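Colleague: After the structure tokens below, expect a handful of questions from me.
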Amino acid sequence: MRVLVILLLALALPSARAEGDAASWLMRMHEATQTLSYTGTFNYRSGDQSETSRIVHVVGKNGIHERLETLEGHPREIVRDGDEVKCYLPDRMTVKVDKQTDHKAFPQLLPENLQDISAHYLIAKGKIENVAGYESQVIELQPKDKLRYGHRLWAELKTGMLLKSQTFDDSGGTLEQFAFSQISIGGNIDKDQLKPKLLAKARVWHIENSGATQTDLAASGWTIKPELPGFKKITEMKRTQGGSNEVGHVIYSDGLAALSVFIEPVATKTSLPPTGLSRQGAINIYSRQLAGHLVTVVGETPARSVRTLAESVEYRKP
């Protein structure tokens, strides 16, 4: 019996070491995006949709500074200065001002705490492939349940910088992809590259501040108790919409995928927005009406997860 136990342990150890080695690459990716400055061009693809963007990312003594601009279609520019984010929309001469949340965007996809990821995804090393002229290690995250999608990540061998990501469904089909076509990692970056280019398009811009503040929606009668293992509440806030309406916003995450719950008042019964399920690439959206409000869940997850979260929202008059 003892010999059998030793044999089973010996067989299991290589697998555990391999997963640990793969998980260490996730930490390298996180550290690279938080500590390295870089500039580059990346492309987003989902179905027949495609968008190319240019990013300038500088890590300095006062935190992270970043500028992201679209290079095709409707012009848009996002400038991040610490935890403040400004989105310039020249078609509307509008600047949207918001606070940085824990929601991650390419290439900053990974959290500091990777324990939650390893609890809900099988992590494995793949081949070494070339991305944007850099040799890169492929890491695959296979979900352990049907509540989340799978992911493939390409990390540059020397720095660990995330250069490419794919999201795939349970049949292995690619739902969306981000990939650098050109990137320069490290070195000195001219701070002028962080200045918004679109600001000079007009002298007068309309400023829309989200007015995001931390809140407790339970005090207003709202409760959310989702049965989604691994998804934890990251933040709970209220935002201002249209200058007067307050919208509740709660974010849940498993460390990789994010789900947002929006609770907004419905103006009139004659202008009720559509409800039910819809999808945009890897994003599923589910809306329902409740107590004179529209509850909408938006998530980078399968439809089952957004529906479960939306239907877990309850209201009781305080």
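The values are calculated or read from the model by the stated rules, or taken from the named source; none is laboratory data. Just so you know, these numbers come straight off a predicted model, no measurement behind them. So basically every Cβ, Gly included, is an ideal-geometry build from the backbone, and we count neighbours across all protein chains shown. Just the protein is used for accessible areas: all its heavy atoms, side chains included, with ligands, DNA and RNA removed. Shrake-Rupley method; radii C 1.70, N 1.55, O 1.52, S 1.80 Å.
Colleague: So is V261 open to solvent by less than 30 Å² (accessible area, probe 1.4 Å), touching a residue at least 40 places away in the same chain (Cβ under 8 Å) and either of a type in the set (D, E, K, R) or in contact with a strand residue (DSSP E or B) (Cβ under 9 Å, 6 or more places away or on another chain) (or both) or not?
Modeller: For V261, the condition - open to solvent by less than 30 Å² (accessible area, probe 1.4 Å), touching a residue at least 40 places away in the same chain (Cβ under 8 Å) and either of a type in the set (D, E, K, R) or in contact with a strand residue (DSSP E or B) (Cβ under 9 Å, 6 or more places away or on another chain) (or both) - is met.
Colleague: Filter segment 195-207 down to the residues that are open to solvent by 90 Å² or more (accessible area, probe 1.4 Å) and under 26 Å from the mean Cα position of the chain (by Cα), then identify the one that is farthest from R92 (Cα to Cα).
Modeller: So, considering only residues that are open to solvent by 90 Å² or more (accessible area, probe 1.4 Å) and under 26 Å from the mean Cα position of the chain (by Cα), the one farthest from R92 (Cα to Cα) is K195.
Colleague: Let me ask something else. Tell me which residues, restricted to segment 70-90, are acidic (D, E), open to solvent by 30 Å² or more (accessible area, probe 1.4 Å) and under 22 Å from T240 (Cα atoms).
Modeller: Hits for segment 70-90 are D81, D83, E84.
Colleague: Please work out if E208 is acidic (D, E), modelled with pLDDT of 85 or more, part of a strand (DSSP E or B) and over 23 Å from E300 (Cβ atoms).
Modeller: Considered against the rule, which asks whether it is acidic (D, E), modelled with pLDDT of 85 or more, part of a strand (DSSP E or B) and over 23 Å from E300 (Cβ atoms), E208 comes out as yes.
Colleague: Is at least one residue of segment 226-244 assigned to a loop (DSSP other than H, G, I, E, B), buried (at least 16 other Cβ atoms within 10 Å of the Cβ), touching a helix residue (DSSP H, G or I) at 6+ places or on another chain (Cβ under 8 Å) and of a type in the set (A, V, I, L, M)?
Modeller: Within segment 226-244 (the criterion being assigned to a loop (DSSP other than H, G, I, E, B), buried (at least 16 other Cβ atoms within 10 Å of the Cβ), touching a helix residue (DSSP H, G or I) at 6+ places or on another chain (Cβ under 8 Å) and of a type in the set (A, V, I, L, M)), the answer is yes, since at least one residue qualifies.
Colleague: What number of residues within segment 270-311 satisfy the criterion of being outside any strand (DSSP E or B), surrounded by 16 or more Cβ atoms within 10 Å (Cβ to Cβ) and free of Cβ contacts under 8 Å to residues at least 60 places away in the same chain?
Modeller: Of the residues in segment 270-311, 3 are outside any strand (DSSP E or B), surrounded by 16 or more Cβ atoms within 10 Å (Cβ to Cβ) and free of Cβ contacts under 8 Å to residues at least 60 places away in the same chain.
Colleague: Considering only residues that are closer than 22 Å to P75 by Cα and either open to solvent by 80 Å² or more (accessible area, probe 1.4 Å) or free of Cβ contacts under 8 Å to residues at least 12 places away in the same chain (or both), which ones fall in segment 97-140?
Modeller: K99, A105
Colleague: Select from segment 170-194 the residues that are in contact with a Pro (Cβ under 8 Å, 6 or more places away or on another chain) and open to solvent by 40 Å² or more (accessible area, probe 1.4 Å) and write down the one among them that is farthest from G40 (Cα to Cα).
Modeller: D170
Colleague: Then there's this: Given R148, R152, which one is on the phi < 0 side of the Ramachandran plot, among the charged types (D, E, K, R), surrounded by 13 or more Cβ atoms within 10 Å (Cβ to Cβ) and part of a strand (DSSP E or B)?
Modeller: Just a single option satisfies the conditions, and that option is R152.
Colleague: Between residues in segment 183-207 that are farther than 20 Å from V59 by Cα and residues that are open to solvent by less than 90 Å² (accessible area, probe 1.4 Å) and part of a loop (DSSP other than H, G, I, E, B), which pairs lie under 6 Å by C-beta distance while being six or more apart or on different chains?
Modeller: The qualifying pairs are L198/P90; K201/P90; A202/M93; W205/M93; H206/M93.
Colleague: Related question: Give just the number: which of (1) under 30 Å from F168 (Cα atoms); (2) part of a loop (DSSP other than H, G, I, E, B); (3) open to solvent by 60 Å² or more (accessible area, probe 1.4 Å) does P318 not satisfy?
Modeller: (1)
Colleague: Going through V297, V247 one at a time, which residue ends up being hydrophobic (A, V, I, L, M, F, W, C) and modelled with pLDDT of 95 or more?
Modeller: Of the residues listed, the single one that is hydrophobic (A, V, I, L, M, F, W, C) and modelled with pLDDT of 95 or more is V297.
Colleague: Going residue by residue through segment 47-60, is there one that turns out to be open to solvent by less than 40 Å² (accessible area, probe 1.4 Å) and assigned to a loop (DSSP other than H, G, I, E, B)?
Modeller: Looking through segment 47-60, none of the residues is open to solvent by less than 40 Å² (accessible area, probe 1.4 Å) and assigned to a loop (DSSP other than H, G, I, E, B).
Colleague: Take Q166 and decide whether it is modelled with pLDDT of 90 or more and closer than 22 Å to N284 by Cα.
Modeller: Yes, satisfied.
Colleague: I've got another one for you. Does K164 count as touching a strand residue (DSSP E or B) at 6+ places or on another chain (Cβ under 6 Å), free of Cβ contacts under 8 Å to residues at least 60 places away in the same chain, closer than 19 Å to Y44 by Cβ and not β-branched (V, I, T)?
Modeller: Yes: the conditions hold for K164.
Colleague: Test of understanding: among T167, T159, which residue is β-branched (V, I, T), touching a His at 6+ places or on another chain (Cβ under 8 Å) and either in a loop (DSSP other than H, G, I, E, B) or surrounded by 13 or more Cβ atoms within 10 Å (Cβ to Cβ) (or both)?
Modeller: T167
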